[in-house]
Amino acid sequence: MNAPTPTQTRQRSYFVDNVQFPFCKGCGHTQVLRRLDEALSALNTPAEQIVLVTDIGCIGLADGLFRDIHTVHTTHGRSTAFATGIGLADRVLAGKDLRVVVLIGDGGAMIGLQHLVHAAMLNVPMTVLICNNFVYGMTGGQGSGLTPERFITATTPDGNITPPADLCAILTGSNAQFVARTTTSDTNFPDIMRRAFASPGFAAVEILELCTEYAVPKNELTGKMLAGIAEQNGWALGVLRENASRAPFHVRYAEAVRTSATPKVREHGFSSAPHAHQLAGPVSIVLAGSAGERVQSSAAALCEAAIASGLYVTQKNDNPVTQGSGFSLSEVWISPEPIQYTGIERPDIVVAASEAGLRELTSRGTMASVSDDTVFVVDESLAVSMRTRKLLPLSLRKSLGPKDAALGGLLAACHEKNVLPDETLALIARYRMGDRAKVCESIAFSA
């Protein structure tokens with residue numbers, strides 16, 4: 001986005017009329033938000049092209065203070081991750097130029113440090129304002145990873161003896177395009193904000209400020225002393241990095257796609273399905289088997305084929321933290337209409353491809369939720385007694401092997417329920433099994 005030309009009319013404040021700041025008297029957040037509003041107004045950006053992403057903490061109360069701009073209130077430490085997704089979707093997929101602004105405290109910044117580092121490495125266009133008042137202000141004044149040495153907090157009543165992190169050094173080392181540190185009492189604060197917003201990529205400004213509720217009463221601290229605290233802890237002030245030559249992620253991504261001589265295309269033939277689907281309504285599927293037996297990837301192959309057929313899909317996976325042992329499970333919805341709820345209370349299809357999968361289905365209550373109309377495909381080696389009229393014991397593990405048992409059971413159930421045409425199901429089998437697909441087809445389509 002470009003700054004306004006001298007002939008353009010400056011945008012009036014983005015604050016709501018007669019704005020009332022909810023912060024404690026003397027809290028630095030008020031100054032930060034005033035400077036933010038001034039910087040945005042100077043850019044003359046239309047309100048509908050601004051999105052403010054806020055973190056948990058006192059600074060998150062900013063959401064309700066702005067008029068018309070988009071606001072997203074996120075979970076603790078995750079605001080930068082949400083903003084990264086918003087920025088990438090807007091630039092890469094939509095080809096537009098939302099101005100993304102993040103407001104996060106020192107506690108949230110350290111909780112979500114990896115998100116800040118990753119956004120800086122990617123160089124996603126956004127401006128991150130890190131409001132560092134040295135404590136967790138909303139939860140009682142506990143110390144954070146940015147609490148200065150000798151600072152008294154609720155968790156360091158005798159003074160902090162742990163050196164704080166240098167957040168700006170971390171972001172500079174992560175190749176952030178613009179990094180600065182300032183204080184709310186710094187006369188250069190407005191200019192630093194202006195330069196941050198002029199950066200075409202990732203820009204971070206750490207703002208040292210006062211928490212008058214918890215930090216000031218326990219420490220010898222005024223606004224004019226913030227620069228001294230920075231010096232005592234080895235934190236440089238001012239613009240620390242400004243590399244305008246580094247291209248933002250969406251620019252490099254577009255260039256990489258444009259110049260790629262050999263685009264990597266998965267050879268599954270699902271760019272379009274060979275036959276149109278006849279699915280009239282949503283179908284819910286629970287596929288369960290053993291870890292390492294391609295349960296979740298089989299469900300994913302079905303989802304890809306369904307998408308290529310013009311259907312909507314969702315897939316949720318579950319497995320133990322051990323990854324290579326125990327159960328593996330996928331919950332899938334396939335629907336001709338958008339899917340608004342992804343929970344499965346009474347499945348249309350259940351597939352149990354192994355003993356571990358059957359135990360998990362029993363444990364989570366899926367077996368008890370089966371109805372008379374549920375298509376239940378089970379390996380013939382498993383003892384299952386169900387009330388459904390459509391129990392199909394098949395030779396999955398013996399005929400197809402453990403690695404393809406889940407796929408065979410899934411295709412058999414979809415054939416029985418007419419989820420996709422047999423020609424499309426056969427395409428999935430050929431993609432997954434190659435020359436052995438005929439065996440899978442004979443089992444699945446004879447069910």
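Got at least one residue in the stretch 384-396 being in contact (Cβ under 8 Å) with a residue 60 or more places away in the chain and either part of a loop (DSSP other than H, G, I, E, B) or out of contact with any Cys (no Cβ under 6 Å at 6 or more places or on another chain) (or both)?
Filtering the stretch 384-396 down to residues in contact (Cβ under 8 Å) with a residue 60 or more places away in the chain leaves none.
Checked against the condition, which is being in contact (Cβ under 8 Å) with a residue 60 or more places away in the chain and either part of a loop (DSSP other than H, G, I, E, B) or out of contact with any Cys (no Cβ under 6 Å at 6 or more places or on another chain) (or both), the stretch 384-396 yields no hits at all.
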May I ask you to list the residues in the stretch 360-378 that are outside any loop (DSSP other than H, G, I, E, B) and surrounded by 15 or more Cβ atoms within 10 Å (Cβ to Cβ)? Glu360, Leu361, Thr366, Met367, Ser369, Val375, Phe376, Val377, Val378
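Only one residue in Glu293, Glu337 is in a loop (DSSP other than H, G, I, E, B), under 21 Å from Lys417 (Cα atoms), assigned by TED's automatic domain parsing to the domain that holds Leu407 and in contact (Cβ under 8 Å) with a residue 40 or more places away in the chain, so which one is that? I'd like the intermediate steps shown before the answer.
On the way: Glu293 fails: under 21 Å from Lys417 (Cα atoms).
Checking each option against the conditions leaves just Glu337.
Condition first: touching a residue at least 24 places away in the same chain (Cβ under 8 Å) and either closer than 10 Å to Leu407 by Cα or touching a Ser or Thr at 6+ places or on another chain (Cβ under 8 Å) (or both). Now tell me which residues in the stretch 304-316 satisfy that. Working first, answer last.
As a first pass, look at the stretch 304-316 and keep what is touching a residue at least 24 places away in the same chain (Cβ under 8 Å): 304-314, 316.
Hits for the stretch 304-316 are Ala305, Ala308, Ser309, Leu311, Tyr312, Val313, Thr314, Lys316.
Of these, Gly343, Gly365, Gly408, which one is at positive phi and assigned by TED's automatic domain parsing to the domain that holds Ser325?
Working: Gly343 fails: at positive phi; Gly408 fails: at positive phi.
Only one candidate qualifies: Gly365.
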If a residue has to be free of Cβ contacts under 8 Å to residues at least 40 places away in the same chain, in contact with a Ser or Thr (Cβ under 9 Å, 6 or more places away or on another chain) and closer than 18 Å to Phe197 by Cβ to count, how many in the stretch 72-100 make the cut? 1
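Determine whether Leu98 is buried (at least 18 other Cβ atoms within 10 Å of the Cβ), among the hydrophobic types (A, V, I, L, M, F, W, C) and closer than 19 Å to Cys27 by Cα. Outline the logic, then answer.
Numbers: buried (at least 18 other Cβ atoms within 10 Å of the Cβ): yes; among the hydrophobic types (A, V, I, L, M, F, W, C): yes; closer than 19 Å to Cys27 by Cα: no.
Criteria not met by Leu98.
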Check off (1) at pLDDT 95 or above; (2) among the charged types (D, E, K, R); (3) closer than 25 Å to Cys58 by Cα for Glu220 and give me the number that stays unchecked. (1)
Taking the stretch 209-249 as the region of interest, how many residues are of a type in the set (D, E, K, R) and in contact with a helix residue (DSSP H, G or I) (Cβ under 8 Å, 6 or more places away or on another chain)? 3
Against the condition at pLDDT 95 or above, under 19 Å from Ala180 (Cβ atoms) and in a loop (DSSP other than H, G, I, E, B), how does Val117 come out, does it pass? no
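Quick check, is Ile104 surrounded by 24 or more Cβ atoms within 10 Å (Cβ to Cβ), in contact with a helix residue (DSSP H, G or I) (Cβ under 7 Å, 6 or more places away or on another chain) and either free of Cβ contacts under 8 Å to residues at least 60 places away in the same chain or under 24 Å from Arg35 (Cβ atoms) (or both)? Before the answer, list the steps.
Details: surrounded by 24 or more Cβ atoms within 10 Å (Cβ to Cβ): yes; in contact with a helix residue (DSSP H, G or I) (Cβ under 7 Å, 6 or more places away or on another chain): yes; either free of Cβ contacts under 8 Å to residues at least 60 places away in the same chain or under 24 Å from Arg35 (Cβ atoms) (or both): yes.
Considered against the rule, which asks whether it is surrounded by 24 or more Cβ atoms within 10 Å (Cβ to Cβ), in contact with a helix residue (DSSP H, G or I) (Cβ under 7 Å, 6 or more places away or on another chain) and either free of Cβ contacts under 8 Å to residues at least 60 places away in the same chain or under 24 Å from Arg35 (Cβ atoms) (or both), Ile104 comes out as yes.
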Which numbered condition trips up Asp97, out of (1) more than 30 Å from Asn175 (Cβ to Cβ); (2) part of a loop (DSSP other than H, G, I, E, B); (3) among the acidic types (Asp, Glu)? (1)
Examine the stretch 272-282 for a residue that is over 30 Å from Ile192 (Cα atoms), modelled with pLDDT of 95 or more and either part of a loop (DSSP other than H, G, I, E, B) or under 31 Å from the mean Cα position of the chain (by Cα) (or both), and state whether such a residue exists. yes
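Working carefully through the options Leu391, Leu311, Leu329, find the one that is in the same structural domain as Ser290 (by TED's automatic domain parsing) and either at positive phi or surrounded by fewer than 18 Cβ atoms within 10 Å (Cβ to Cβ) (or both).
Working: Leu311 fails: either at positive phi or surrounded by fewer than 18 Cβ atoms within 10 Å (Cβ to Cβ) (or both); Leu329 fails: either at positive phi or surrounded by fewer than 18 Cβ atoms within 10 Å (Cβ to Cβ) (or both).
The unique qualifying residue is Leu391.
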Condition first: in the same structural domain as Ser144 (by TED's automatic domain parsing), under 21 Å from Glu149 (Cα atoms) and in contact with a Leu (Cβ under 9 Å, 6 or more places away or on another chain). Can you find one or more residues in the stretch 240-255 that meet it? no
For the stretch 34-56, check the following and say yes or no: at least one residue is surrounded by 20 or more Cβ atoms within 10 Å (Cβ to Cβ), at positive phi, assigned to a loop (DSSP other than H, G, I, E, B) and within 23 Å of the chain's Cα centre (by Cα). no
For the condition hydroxyl-bearing (Ser, Thr, Tyr), under 16 Å from Met110 (Cα atoms) and part of a helix (DSSP H, G or I), what is the one hit in Thr80, Thr30, Thr75? Thr80
Any idea how many residues of the stretch 169-191 are surrounded by fewer than 22 Cβ atoms within 10 Å (Cβ to Cβ) and either of a type in the set (Phe, Trp, Tyr) or in a helix (DSSP H, G or I) (or both)? 7
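Identify, from the list Cys440, Cys414, the residue that is in the same structural domain as Glu293 (by TED's automatic domain parsing), free of Cβ contacts under 8 Å to residues at least 60 places away in the same chain and part of a helix (DSSP H, G or I). Before the answer, list the steps.
Values: Cys414 fails: free of Cβ contacts under 8 Å to residues at least 60 places away in the same chain.
The match here is Cys440.
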Would you pick out the residues in the stretch 126-158 that are β-branched (Val, Ile, Thr) and assigned to a loop (DSSP other than H, G, I, E, B)? Thr139, Thr147, Ile152, Thr153, Thr155, Thr156
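The values are calculated or read from the model by the stated rules, or taken from the named source; none is laboratory data. Everything numeric in this text was worked out from a predicted model, so none of it was measured. So basically every Cβ, Gly included, is an ideal-geometry build from the backbone, and we count neighbours across all protein chains shown.
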